[in-house]
Each structure stands twice: as C-alpha cells, then as structure tokens.
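> This is the structure I have questions about; it appears just below.
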Amino acid sequence: MKLIIQIPCLNEEETLPATLADLPRQIDGIDTVQWLIIDDGSSDATVEVARANGVDHIVRLTNNKGLAAGFQAGLDACLKLGADVIVNTDADNQYFGGDIAKLVEPIVAGRADMVVGDRQTDTIEHFSPLKKRLQKFGSWVVRQASETEIPDTTSGFRAYNREAALQMAVVSRFTYTLETIIQAGKLLVAVEDVPIRTNPKTRESRLFPSTWSYVRRNGISIFRIYSQYEPMRVFATAAIVLVIAALIPFTRFFAAWVQGDGAGHVQSLLFGTVLFNAAVVMGALAVIGDLLHAQRIMSQRIFERVRRVELELGVPPSHYEAGSGERETIPR
C-alpha cells in the first residue's frame, strides 16, 4: 500500500523545512510513504527547499491558482503516481505530522474512505472566541448539508483512500475543506474523524488577513456550497418566508377594505404584491436549482469515470516534476 502526503504551498520556504521534518517516512500497514508538494506559483525558493529536504514529487503550477485548485491538482497527481492513500496537510506546520498514522488507521483498517482530523478548536489558544464560535456554527451548517458528523469541517488535515479521491471534484475557487465533506456525504464515501494535535502557530493565516475577512469569506463559501447541494431547501425556505411576510400587508389592506377604507391602504396591497412576486421568484429558483443539482451529480459521475479512464491509459500528471533522488517511473 502506497501513501502520498501532499502539501499545497505558496511561498513557504521558511516554514516548509519544519513541516517536512515533522512528517513520517514509515507507518504501520503502509509499504511506501512519499511526499508531494503543490507549488501554487511561489515566487521564493519553495521548490528548491522542498528538493533539499527530500520531497519525492512536485506539482508546479505556472501561476497562483488558489488553495482549492492546488488541492485538486495534488489529488490528480497522487492518483496518477499510484497512491492508495492520500493525506493532505498544510505547509505552515499547523498540524502535528506524528498524527498521520492515527489519521490513516481507519482507512487501513477498512472502516472509512475519508478521515478528517479534529483539531478540537476549543482548545486552540490563538483562536479568538469569535473564531471558535464561527467554527462551530460553520461546522454545524456543513453537517446539515452533508449529513455527516464531522466536528471540525474546516480542518485541512485529512486522508482519502483511492476510491474517495477519485470522486472528489472541487469547483470552489477559495477552499476545498467544506465542499469535499459535503461531496463525501452525498456520495458513496464513508467519513470518519479522529482527534489530532496541532503545533504552535508559526505565522498569520494568508487565507484570512483579519477576523472580518474570515467571517465574510467563510460565510459566503458556506452559503454558496450549501446552496449548490441543497438548493430546494434554501430557496423554498426563502419563498415560504416571503409568502408569510406578504400576508401581513395583504391582511392589513383587506381589513381596511372591509371597513371601507381600502383606498387609503393601497400601499399595503402594493408592498404585499412585491413580496409575493419575490416569493414566486424564489420558488422558481428552488425548482431550477434542484434541476441543476441533478445535472451536477451527473457531471461529477462523468468526471470520476474520466479519471478512471486516464488512470487506465497511464496519462501522466499535469505540471509534474520529480523531487529529490532518482526520477520515479509513473505507473502505467
């Protein structure tokens, strides 16, 4: 069984050596452990540092594509390099590499297809109270959408077996963490979580320069992803709320009309009509969204089959470079 640990990187020459030093080279139940970095258009010496520290494989994107695109490129490369298990971790050494054995154990034992590391965010000292509350709320929303029980849905420390990795198709341009959990819950992917440890903070997050940015971007991401996978629930709920709201000015108008003062409350009739029309639009969006969701599922299944065909044909990974040591022959 072959395990590849992938690390998305953007200008990580300072933190990458410590991250790599924390990673294992041997794990019980795994025959081969290799390391892969995805260089997301770095302008520093990230690639050179990776080679000097023993990285086996490099996916070098021409320019910065974002974390989600880098994650997807890494999955594709790992599959084409023959990985049976893929672990994703961060280049800032946030996650304790010694827990990778714990992370992959449910997969090796055959109990899970995907395992997410639970950072137990309440215990992380540098997380503000607001961030902790937002983490909990966001994870709750994702659990409702995915029908899973993952407590830490934004954790990037996770493992996939080959079948789960084949089914992952990230379309978000910002983050992969929430979307892949929702996908897993909707597909034939068994998901588990394990408690993991984190290392001391090495630098400020580059994804979230401020708390407000974290709230705004994560909130938008959660809403977009939830709407993509539960459009009927989102837009039908909005339609019902608008219908109820429309009944208030309608009731006021008809009460005045019965009393002979309808002309003086025409504005209530107009306002109620606007709200009712908005409800009709939301209802139409619910139906259209549900149809698009069905098409998305079909497209995802086609994408999975294309991946399988590429693996059978031995299509090499895109933007691939060998790391340190001798160049490995890509499986055919």
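The numbers here are math on the coordinates, done by the rules we state, and not lab data. None of the values given here were measured: they were computed from a predicted structure. Neighbour counts run over all protein chains shown; Cβ positions are idealised from the backbone, glycine included.
> Among 80/132; 102/136; 2/131; 80/131; 80/201, which pairs are too far apart, with a Cα-Cα distance over 29 Å? Don't skip to the end; give the middle numbers.
Working: 80/132 38 Å; 102/136 23 Å; 2/131 37 Å; 80/131 37 Å; 80/201 33 Å.
Checking Cα-Cα distances, 80/132; 2/131; 80/131; 80/201 exceed 29 Å.
> Let me ask you something else. Under 1.5 on a/c is rounded, so check that first for region 2-228, then, if it is not, pick prolate when a/b is larger than b/c and oblate when it is not; a ≥ b ≥ c are the square roots of the alpha carbon gyration tensor eigenvalues. Can you show the working numbers first?
On the way: a/c = 1.40, a/b = 1.14, b/c = 1.23.
In terms of gyration-tensor shape, rounded.
> Roughly what % of DSSP beta bridges within region 85-206 run antiparallel, to the nearest 5? Don't jump to the answer; show the numbers that get you there.
Values: 8 of 13 bridges.
If we restrict to bridges inside region 85-206, about 60 percent are antiparallel.
> If you don't mind, another one. Quick one: Karplus J couplings for region 269-280, per residue in order, coefficients 6.51, -1.76, 1.60, θ = phi - 60°, nearest Hz, x for Gly and Pro?
My calculation for region 269-280 gives 5, 5, 5, x, 5, 4, 5, 5, 4, 5, 5, 4 Hz in order.
> What is the sum of charges around residue 171, taking Lys and Arg as +1, Asp and Glu as -1, for the other residues whose C-beta is under 11 Å from the C-beta of residue 171?
Numbers: positive: 173, 224, 296; negative: 179.
Once all neighbours under 11 Å are counted, the net charge is +2.
> Return, for the Cα atoms of region 115-208, the radius of gyration and Dmax in Å, separated by a comma.
According to the Cα coordinates of region 115-208, Rg and Dmax are 13.5, 38 Å.
> Another question, then. Which FRET efficiency, nearest 0.05, do residue 32 and residue 281 yield, Cβ-Cβ r, R0 56 Å? Walk me through the intermediate numbers first.
Values: r = 55 Å, r/R0 = 0.99.
The calculated FRET efficiency here is 0.50.
> Net charge within 10 Å of residue 41 by Cβ-Cβ distance, Lys/Arg positive one each and Asp/Glu negative one each, not counting residue 41 itself?
Numbers: positive: 60, 65; negative: 39, 40.
Result for the neighbourhood of residue 41: 0.
> Turning to a different aspect of this structure: In debye, nearest 20, what is the charge dipole magnitude of region 2-228 about its Cα centre with +1 on Lys and Arg Cβ and -1 on Asp and Glu Cβ, if you could check?
The calculation lands at about 740 debye.
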